[in-house]
Amino acid sequence: MLILRCRQFVFMTVLVWGVLDVSLVPVVTQAQLYQLVDDLFASYKPEVRPTPVGKATHVNIATYLLSIQNLDEKSQVLESSIMVEADWLDDHLSWDEANYGNVTYFFYPQKKVWLPDVVIENSLEGQRQLGYDESVVMVDNSGLVTWKHSQFIKTGCDIDMTYFPFDTQVCNIIVSTWMSTKDDIVINHEAESNGLNLTRYSVSGNWELVSTELENLPNENGLTRLQFKITLKRLGNLYAWSIFSPVYLLSTLTSFLFLLPAPAGEKIAMSITLLLAYTVYLTITADIMPRSSLQVSYLAMYISMLLSVTSFCVVLSVIVVHIHHKTSKRSLGWKSRFFLHKLQCICCINIFEGEEEEETSNRATPKQEDLEEGLNGHRGNRVSSHHSQSKAAVAPLQDNAAVSPSLPCTERKEEVSWPKLAKAMDRFLLKFTFFFVNLINFIFSGILLFGS
């Protein structure tokens, strides 16, 4: 019985001690944490730099690029998200952990501790110290203060639209101190990164991040200025298919204006339609480009040149139609005949080719009819005689037709009409504009694709 009571006493003692141990330890630690905070911040001034006068505070920072939200070409603004992680030693916030229940760190509102006056110098939303009052910092027993801050920023960026839509842009994010000089604050960027840290970067759908570089900018006032250079390459496949390809196809259609016959009314209508199409695409391109760009895009020059060529083709089409419908009875002089002859040589065409066949057919037809009448109305020797005479008459005509000059550069004595001159001009302008337009396409395609 005595042994049983002893066992019960030991069990209850252990149970009570365990309950007290579990419940009292956190209470004591929490109380000591309160005491620690009270002791540290009793005479702490967040407005005063924690390092003694004459000694600089070393701030180690790491800048992360989280994403590229947008690059507005018209406003020349880069919208991005960054995160700045910094740490420094605050001599007023160190303690012996053994005196405070082994508390090694705690979190505290950032507005109640000293922060380096770091700003985004080229921000378009005003230069203010990074961080929010609601954010917290982590303080450990050695006095090391760790601060993390993420922010959406808008910075200015000089846009170069020369090679749009295959352009590459270089934008800068400048991190600097606002008032503190290098005698007060020394900013050290993380040694393992030569630019922005990209471990948390989210890929953009419009821009390819080519590289980031870090550069220390000089300053006459002794401020610390870190410039992060961001190189972005436009993903121009969408623009190539939506703008460049249609313009290329429209330019090819320009030369085919002169393939339409002059009597057809569609020649002028088609030329005006192409002219309006170029105007629309030039307007679309102008809306994308910045209003105050110091550079002129090769794409705008390309479309403007094709617009000029098309306008010139409209004028030429009107002239060709006017020449074709000219009702003057006066035949062309020797100058016009010489001009037409040279056009035939250049274009390797013969505008009299159709008329030669028609004339040969007209000459041969009466003789064949005479031959048929002779065969039907006469017999015997008269039939054979007429037959031989008809053959003799037809043969020279066919021989003459066979040896008729059909080469483009052969001089002819036939009277040249205005429609023939219009036809020759159409053929010449067809080949000339086709060569000239494709030459423009080749030159500007090479500049846009390989020049950037």
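Read the figures in this text as sums done on the coordinates, not as results from a lab. Not measured: the values here are computed from a predicted model. Note that we place each Cβ from the backbone using ideal geometry, even for glycine, and neighbour counts take in every protein chain shown.
Points worth noting:
- In plain terms, the chain from Asn194 to Phe432 could stretch by 80.1 nm, reckoned as 0.36 nm per residue minus the Cα-Cα distance.
- The label point for Thr252 and the one for Glu213, both projected 7 Å from the Cα toward the Cβ, are 4.1 nm apart.
- Dipole in debye (nearest 20) - the range 57-235, about Cα centre, beta carbon charges: Lys, Arg +1; Asp, Glu -1: 440
- Once the Kirkwood radius over Cα pairs is known for the range 219-271, the Stokes-Einstein relation at 37 °C and 0.692 mPa s delivers a diffusion coefficient of 204 µm²/s.
- FRET efficiency for the Arg225 to Val136 pair, using the beta carbon distance and R₀ = 35 Å, is estimated at 0.80.
- Loop trypsin sites (Lys or Arg not before Pro), the range 198-231, which have at most 16 other Cβ atoms in a 10 Å radius of their Cβ (DSSP): Arg200
- Label-reachable residues, the range 135-154, where backbone N falls under 13 Å from a point 7 Å from Asn70's Cα toward its Cβ: 153-154
- Extension gain for Phe312-Ala98 works out to 67.9 nm (0.36 nm per residue, less the C-alpha to C-alpha distance).
- Against the empirical curve 2.2 N^0.38 Å, the C-alpha radius of gyration of the range 166-235 lands at a ratio of 1.32.
- The Cα atoms of the range 57-235 cover 66, 37, 29 Å along the three principal axes, with the biggest extent listed first.
- Extension gain, Thr168 to Tyr34: 0.36 nm times the residue separation minus the Cα-Cα distance gives 42.7 nm.
- Convex hull projection area averaged over all views, the range 148-197, Cα basis, nm²: 5.9
- Over the range 169-311: Kirkwood hydrodynamic radius from C-alpha pairwise inverse distances, Å: 19.8
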